[in-house]
Amino acid sequence: MTWPCPDCAEVRHGVRANEGRPCRNCATARAWAAVPQDTRDEVHRVVAEQNAVKAVARVRELTGCEMDEAMLLLDRLRPRS
């Protein structure tokens, strides 16, 4: 079964129970938008320090997300060269 992500229209594949759910990137973006601004500012400071282990641990502590979700979020926050 396939369906489009409701946020970005990426084609999703899976079981009927997940139909209509956003893709992982969009779900992470939604979760990040719900985090209070002061928490987001703190995470940005940790990312700027370029301490990946500390950043992942702090994101998990502040947001309650799983490690893979924290890593995906931090990947989105890292500046691209």
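All of the numbers you see were taken from the coordinates with simple rules; none came from a lab. All of these numbers come straight from a predicted model, not from anything done at the bench. Glycine also receives a Cβ, built like all others from the backbone with ideal geometry; neighbour counts cover every protein chain displayed.
Take every Cα pair under 8 Å whose residues are at least 6 apart in sequence, average their separation, divide by the length of the stretch 22-77, and the relative contact order is 38 percent.
Taking packing as the residue-averaged number of other Cβ atoms within 10 angstrom, the listed peptides 60-72, 38-50, 13-25 run from highest to lowest as 60-72, 38-50, 13-25.
Taking the C-alpha atoms only, the angle from helix 67-77 to the longest principal axis of the chain is near 80 degrees. Once the Cα atoms of helix 52-63 and of the chain are each reduced to a long axis, what angle between those two axes, in degrees from 0 to 90 to the nearest 10, is obtained? Roughly 70 degrees between the two axes. Using only side-chain charges placed at the Cβ, +1 for Lys and Arg and -1 for Asp and Glu, the dipole size of the chain relative to its Cα centre rounds to 140 debye.
Across the options VAL46, ALA29, VAL59, the greatest Cα extent toward the positive end of the charge dipole of the chain (unit charges at beta carbon of Lys, Arg, Asp, Glu) belongs to ALA29. Among the listed values [x] 1.11; [y] 1.23; [z] 1.30, the one computed from these coordinates for Cα Rg over 2.2 N^0.38 Å is [y].
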